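Report on one structure; see the data block that follows.
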Amino acid sequence: MATVELAVALPAAVLAAALMAGVVRLGVDQLRCADAAAAAARVVARGEPSAAGTAAARARAPSGALTSIEVTSSAVRVRVMGARPALLGWLPGDFAPQATVIAAREVVAP
């Protein structure tokens, strides 16, 4: 009897552990995306080129993340989008980490 219970409980425990690991990975990647977007927005808002902002984001973002930077006359908008964790790939829905930061451009004195 214990063997049957173990045969049923073990796959359920493995599935629960995989789900928890995927959720933890998603949370960590979300924090890394937010940090990367904030760092890139700070760099570009100070007046540095967008390439420097992209480099700052790439250094902090999860691997494979995409970065987009939009610069207007008064603000900088940075969006970092990470990849969906593989452990959550079988779940329906959009579980990709992403963050958007908008920063006011700083006035640079001549």
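The values are calculated or read from the model by the stated rules, or taken from the named source; none is laboratory data. Keep in mind that this is a model prediction, so the values were computed, not measured. With ideal geometry, Cβ positions are generated from the backbone for all residues, glycine too; neighbour counts draw on all protein chains shown.
Here are the numbers for this structure:
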{"quantity": "Which listed residue, of Thr3, Thr54, is in contact with a Ser or Thr (Cβ under 7 Å, 6 or more places away or on another chain) and free of Cβ contacts under 8 Å to residues at least 40 places away in the same chain", "calculated": "Thr54"}
{"quantity": "Single condition Leu31 does not satisfy, out of (1) farther than 17 Å from Glu70 by Cα; (2) at pLDDT below 95", "calculated": "(2)"}
{"quantity": "Identity of the residue in the range 59-96, under 30 Å from Leu15 (Cβ atoms) and among the charged types (D, E, K, R), that ends up modelled with the highest pLDDT", "calculated": "Arg84"}
{"quantity": "Candidate set: the range 33-71, residues that are out of contact with any helix residue (DSSP H, G or I) (no Cβ under 6 Å at 6 or more places or on another chain) and among the charged types (D, E, K, R); chosen: the one nearest to Arg105 (Cα to Cα)", "calculated": "Arg46"}
